[in-house]
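Here the structure is laid out as structure tokens; the discussion comes afterwards.
The values are calculated or read from the model by the stated rules, or taken from the named source; none is laboratory data. Here the structure is a predicted model, which means the values were calculated and not measured. As a convention, Cβ positions derive from the backbone with ideal geometry for all residues, glycine included, and neighbour counts pool all protein chains shown.
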Amino acid sequence: MTDWWWVDLLLAVAAGLVLTWIALIIALAVAGPRGPLLREALRVLPDLLRLLRRLAADGSLPRGVRVRLVLLFAYLALPFDLVPDFIPVLGYADDAIIVALVLRSVVRRAGIDAVRAHWPGSDDGFAVLCRLTGLPLPRKES
């Protein structure tokens with residue numbers, strides 16, 4: 001019986017990974033944008049990706065910001081998703097949710113002015129970005 005200890009270890013590791021994956025899916029569902037905001041996030045996703053690329057290339061930003069962006073790009077480039085596409089709603093929205101979560105962190109660390117300077121889209125799209133990141137819209141100067 002003691003020769004099979006590795007099977008128990010393998011089963012315990014597999015169960016731990018499955019539980020961690022389920023916890024991550026629940027966290028994504030709770031922390032991610034909902035309803036109209038999720039649809040708006042999907043609508044401005046091309047602008048968001050261009051923004052992320054521009055921020056990652058900006059050497060004046062803190063290293064931690066650029067590291068987060070590189071890790072995000074690596075995740076987006078993977079051929080598989082964290083949440084399989086056959087899972088309703090989350091299956092197709094996981095990339096948008098993860099981008100939004102990383103954006104919240106990046107915008108809060110880099111600052112709204114740096115993000116505004118690199119934003120490639122419209123003012124309406126920038127308003128969506130501010131809602132996604134939980135930041136107030138900067139006031140327009142008169």
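Observations on the model:
- Answer from Val65, Val89, Val83 - the residue that is modelled with pLDDT of 75 or more and of a type in the set (A, V, I, L, M, F, W, C): Val65
- For Leu101, the test of being at pLDDT 75 or above and touching a helix residue (DSSP H, G or I) at 6+ places or on another chain (Cβ under 8 Å) is passed.
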